[in-house]
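What follows is one structure encoded as structure tokens, with my remarks underneath.
Quick note: the coordinates plus some simple rules give every number you see, no bench work behind them. Worth saying up front: this structure is predicted, and the values here are computed from it rather than measured. Note: ideal-geometry Cβ built from the backbone for every residue, glycine included; neighbour counts use all protein chains shown.
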Amino acid sequence: MSAERNRSLRLAMPPARRFALPVLLGALSAGSTIALLAASAWLIARAAEQPPILFLSLGVVGVRAFAIGRGLFRYLERLTGHDAAFRQLADLRVGMVRRIVPLAPDGLAATRRGDLLARFTDDVDELQDLPLRVVQPVAGAVIAIVLALAGIAWLAPGAALVVALVLVLGLLVATLGQGVLSVRAERRIAPLRGSLADAVLAHVQGLPTLVAYDAEGASLARVADVDARLRRARVRAAVGSGLAGAAVAITAGAAVLGAMQAAAGPLAAGALGGPEFAIVVLVPLAILEVAGVVPVAWATWRTVRRSAERVDGAVPEDLPAGLPTPVAAPQQLPAGTDGPPLLELRDVRASWPDLAGVGASHALGGVDLVVRPGERVLVRGPSGAGKTTLAHVLVGFLAYEGSFRVDGVEASEVDADRLRERIGLCEQRPWLFDTDIRQNLLFARDDADDDALLAVLDRVGLGDWVRERGGLDASVGERGALVSGGQAQRIALARAMLADFPVLVLDEPTANVDQERADALLADLLAAGADGRTVILISHDRVDPSLVDRTVVCADGRVPAAT
Amino acid sequence: MRPLDPALLRHARSARWYLLVGAVLAGAQALAILAFAWSLQSLVVGLIDGASLASLSTWTAWFAAAVVVRALVAWGWDAAGTIGAAAVASELRVAALRALGRSPGRRIDSTVDTAVAVGGGLDALQPYFGRFLPQLVATVVVVPTLVLAVLVADPLSGLILVIVLPLVPVFMVLIGLVTRAVQERQWAALTHLSRQFLELVGGLSTLIVHGRQHRQEARIRADTDDYRVRTMRVLRVTFLSSFVLELAASLSVALVAVSIGLRLVDGTVAFAAGLFVLLLAPEVFLPVRNVGAQFHASAEGITAARNVLALIDAPDEDGADAAVSRPADPGAPSDDDVVLDLRGVSIAYDGRAAVHGLDLVLRRGELVALGGPSGAGKSSVLGAVLGFVPHEGAITVDGRSDAASRRDRLAWAGQEAVLLPGTVAENVALGEPEPHPEAVRRALRDAASDDVAPEQPIGARGEGLSGGQTDRVAIARALHRLRVRDLPLLLLDEPTAATDPEREAVLVHTLRGLAREGRAVLVVSHRPAVLEAADRVVRIEAVTHVG
């Protein structure tokens, strides 16, 4: 587990050269905080001895310099630290993409279940807190504190030893004690928080139903019950969670008293001057102020570690079973000069990888299907029959057993990217990037000019729609919020046509479309999409037989051989 | 943005308790700081003057006591914050859910967002109550106390603090005003850029289909770098405000220290008073600085509370009102067979008429289909009958006109089936205190759900059933209620949209059977099989075409 975790955490840590400056500035800022108190304590204690004013000038200059330095260094530290963390974010994200591309889409929970997506990307981004809020503040504080202790040791070695001991002890209690308590509390609270969220969601989403069935009161009581249990758990946990703050306050007092005890002897013996004594006794206060970042960083560290665990859990190191393995010596597909290839599936079996957070999926238990070039085939079957599994096998997202030949070549021996140049897929929920329509089409063929894009949009029946919305610059909104399900399918088809796949698989194109528009959409998709291509249409709906050449039925993961 | 919303205090009594406890804690905190500083300076000055540690044991005891009280106060603030936040969250949650229940048909843009706001979103109150409000209360209680003490001990230092302190918020506001324009200009671009990684991961399968996944690294690098440059531009300005705060605080301490030092030399101030003031000066600025530092952390909490308060304070929207205000025409033929009677029903959404002047009568034994293009308002008609959708005109169900009584006489299954966590049987028998297994089985059978077992569990978000199964269980639920309560009217919205033809046939057969039993069935559908089976098809046309 720990080696696993290190994979993500290592990606998050910037190299030392990028990291050194913010740590140095942090140490200077923390050092200024300590030095400001030391200088002002010395200044006042020395002034109380009423020396000639000239003797104080060093203290006066020091007090002013450290007062300015503290804020200035802190400002610079925050800027350079954030800059370093953001620079690292690019490396982090790129490294993560390198890890997830071989798994995507079917081996990655985040892309298989939309609700995991935001959490996954947030988790990845949260890893940047490791340098910014854990390592860097602690490193700066430790440097400053060690130097301050060295300074105290120079004046009164015994006092430095006492302060160091009290400090370490206090921080241990504050961080570890609080860590143990909050882990225990979190373990109790997290499931309750989940149940509360579920109960509230069920209540809000089901409100009309609950009202219509006289069940609102019962549901409200259920929410109130979970809520009360969560509140009780929180109150119990609160008793322990304040420990860190209390421990830091106690530690500060103990350090001051300890330093006083240790330095009182040298002071009485005349080995230590009054102003120096004031420094030794008061500086521990500033040290503790600086050390206050440690419990905060510790709490952040636990959050980061959890994110890293989730990321590593979501991105397995080994390819999970069910995904195609890269081919060492890929075979070439015959150059397809005469239109689409011949597809032959014999007893094809496949299943989805078993992923944490993703429910059971439907396996293929034996598909026999031959699709001749240019054919329009409808694969029909109830939901859960394995139709999408079949689609993902066809485009090489999933591994298979049995035989699937493309123009006589076994598909598993072909590089998956080459396979997908021949066989394209319009997904059930095509992803629309949050940008304009042009960019949403261009990545399918980046040398297409606007006229070509508009021509394709015309062919998929979106020409007028795009012109109404002001042309190719119109935005599709976040996750295609400004686009209906049918329009999204049409955009996906437009992409597929730009990419010019000889074989096109349409996976439930009407799943998110009004019934009455579905027929028109299917007619348009098949008319525009076919055009010399092979089209494999997958649908649980009955389709006008005149639109396709042939219908096969997929049930319980099987497509029996044609008779 | 208001740091403390009076509406919050009005709706959450716990918040008032919290502030009361906080005021006591802050008072204790102020006294402990004074005791801490005075006992510490007494010890230091005494020891330098040659006293032995043993002779100063009273001050040592005072010091230790002050430290313990400070620790207890810190602990108390933390506990009070957690407890207060949890209590306030509970109060707001219950109030918000009650408010939602008062107008079940209120259109919510996103039920998930609402559920998050009312559920986990209120967790954001924790930093607000745990970290921000304590500093705010401390600023109000502790800071004046300490300034007063400094004024007494050394009037000149006190004067410096009195002059500098108000400058801090003034500077903050000024910087805030100057930077707001920059921040707002950058904000949209930033949120967009920060989502690019999500976009890429989400769209990965689309990219792979098009063989574009290998080109993404350069793009991420460019996007993230763009994000960094823009964010840094914002941060340079944002961090300025805390820079000014910190600078003001430490320069004031320096000013006080130097002024005391110089006056100590000529003897116009005592060592004891000077050290006391030096120890107090940073404590004066600490709460003010923390208020600034925690303000952004707490903004989330304020927003969370405000979202929920908006739900609580929203005006009730009950579809029944209009119907009550316009009772059914007394001259209308009273007919015991009439189950559903709509007269001149008009429904408007967002000021746009969706249904205009609809008259519709359903009698016992009738199966009527409601057709028409999508968006014409078919579901809204069902919503109006249920009392969920505001409307004009009169609606009676089995002779009753107010919304709650209308709902008592009908069973309904909506277009988007919502199942609750539990078992299939619990869902089918929803609202029945004592369900009969046989009735549940029959309802499932009639709803073509023979592939679903009554004891099958349903997860928190409907996991366990496929989409089609979910729809059919919701229909079984309506059939169960209809039969068990012997109700005269069934409303169904697109019951067979995701059903295969075989199951659709079973369902149509069931609907015909219900009509034969003497019930009225109104079903919204486009499916030919349903339309063919209906006694009548009533078409609702989009109003814009009718004029």
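Summary table
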quantity: Fewest-first ranking of A:406, B:237, B:44, using other Cβ atoms within 10 Å as the exposure measure; calculated: B:237, A:406, B:44
quantity: Amide proton proximity set for residue A:402, modelled H, under 5 Å, gap of 5+; calculated: A:349
quantity: Span from the the range A:91-130 Cα centroid across to the the range B:234-259 one, whole angstrom; calculated: 40
quantity: Additional length obtainable on full extension of the chain from residue B:171 to residue B:236, 0.36 nm per residue less Cα span; calculated: 21.8 nm
quantity: Among A:164-173, A:424-433, the order from most to least packed when residues are scored by Cβ within 10 Å on average; calculated: A:424-433, A:164-173
quantity: Burial ordering of B:52, B:157, fewest other beta-carbon atoms within 10 Å first; calculated: B:52, B:157
quantity: FRET E, pair residue B:19, residue B:57, Förster distance 35 Å, beta-carbon r, rounded to 0.05; calculated: 0.35
quantity: Distance from the range A:29-71 to the range A:428-450 (C-alpha centre basis), Å; calculated: 64
quantity: Average silhouette area of the range B:421-547, convex hull of alpha-carbon atoms, in square nanometres; calculated: 9.1
quantity: Under Karplus coefficients 6.51, -1.76 and 1.60, residue-wise ³J(HN,Hα) of the range A:397-410 in Hz, glycine/proline x; calculated: 6, 10, 6, 9, 10, x, 10, 9, 10, 10, 6, x, 9, 5
quantity: Residue-averaged beta-carbon neighbours from other chains (10 angstrom radius) around B:405-412; calculated: 2
quantity: Calculated P(r) of the range A:85-157 - Cα pairs past 20 Å, %; calculated: 53
quantity: Charge dipole (debye, nearest 20) of the range B:417-478; +1 at Cβ of Lys and Arg, -1 at Cβ of Asp and Glu; calculated: 140
quantity: Estimated distance in nm for a label pair at residue A:147 and residue B:49, the labels positioned 7 Å out from Cα along Cα-to-Cβ; calculated: 3.6
quantity: Linear extension gain, residue A:271 paired with residue A:527, 0.36 nm per residue minus alpha-carbon span; calculated: 82.3 nm
quantity: Nitroxide proxy distance, nm - points 7 Å out along Cα→Cβ at residue A:520 and residue B:151; calculated: 7.8
quantity: Rounded if a/c under 1.5, otherwise prolate or oblate - the range A:228-347, Cα gyration tensor axes; calculated: prolate
quantity: Charge dipole magnitude, Cβ of K and R +1, D and E -1 - chain A, Cα centre, debye nearest 20; calculated: 2660
quantity: Bridge type composition, the protein assembly as shown - antiparallel percent by DSSP, nearest 5; calculated: 45
quantity: Residue list for the range B:216-251, given a label point 7 angstrom along the Cα-to-Cβ vector of residue A:446 and an amide N cut-off under 11 Å; calculated: B:216-219
quantity: Burial ranking of peptide ranges B:464-471, B:490-497 (average Cβ count within 10 Å, highest at the top); calculated: B:490-497, B:464-471
quantity: Likely footprinting exposure, A:227, B:398, A:519, A:449, fewest C-beta neighbours within 10 Å first; calculated: A:449, A:519, B:398, A:227
quantity: 10 Å Cβ neighbours from other chains, averaged over peptide B:279-285; calculated: 2
quantity: For residue B:524, residues with placed amide H under 5 Å, excluding near neighbours; calculated: B:370, B:492, B:493, B:494
quantity: Bins of 10 Å, starting at 0 and running to the largest distance - Cα pair percent for the range A:423-475; calculated: 23, 57, 20, 0
quantity: Acute angle (nearest 10 degrees) that the helix A:274-291 long axis makes with the longest principal axis of chain A, alpha-carbon atoms; calculated: 10
quantity: Principal axis box of the range A:343-559, alpha-carbon based, largest edge first, Å; calculated: 50, 42, 34
quantity: Where Rh is the Kirkwood radius over Cα pairs, Rg/Rh for chain A; calculated: 1.15
quantity: Integer Hz, Karplus 6.51/-1.76/1.60 couplings in order for the range A:427-432, x for Gly and Pro; calculated: 6, 4, 10, x, 7, 10
quantity: Rounded FRET efficiency, nearest 0.05, which uses the C-beta distance separating residue B:163 from residue A:332 and R0 of 60 Å; calculated: 0.15
quantity: 10 Å Cβ neighbours from other chains, averaged over peptide B:112-119; calculated: 6
quantity: In degrees, nearest ten, helix A:293-314 long axis to first principal axis of chain A (Cα); calculated: 20
quantity: Cα-based Rg of chain B normalised by 2.2 N^0.38 Å, two decimals; calculated: 1.43
quantity: C-alpha long axis of helix B:13-48 to longest principal axis of chain B, angle in °; calculated: 20
quantity: Cα pair count fraction exceeding 52 Å, expressed as % - the protein assembly as shown; calculated: 37
quantity: Calculated over the range B:155-268: convex hull of Cα atoms, volume per residue (Å³); calculated: 114
quantity: Cα Rg over Rh - the range B:320-546, Kirkwood; calculated: 0.96
quantity: Cβ-derived FRET efficiency at R0 45 Å, residue A:354 paired with residue A:221, nearest 0.05; calculated: 0.75
quantity: Nitroxide proxy distance, nm - points 7 Å out along Cα→Cβ at residue A:403 and residue B:221; calculated: 4.5
quantity: Antiparallel bridge percentage (DSSP; both residues within chain B; nearest 5); calculated: 50
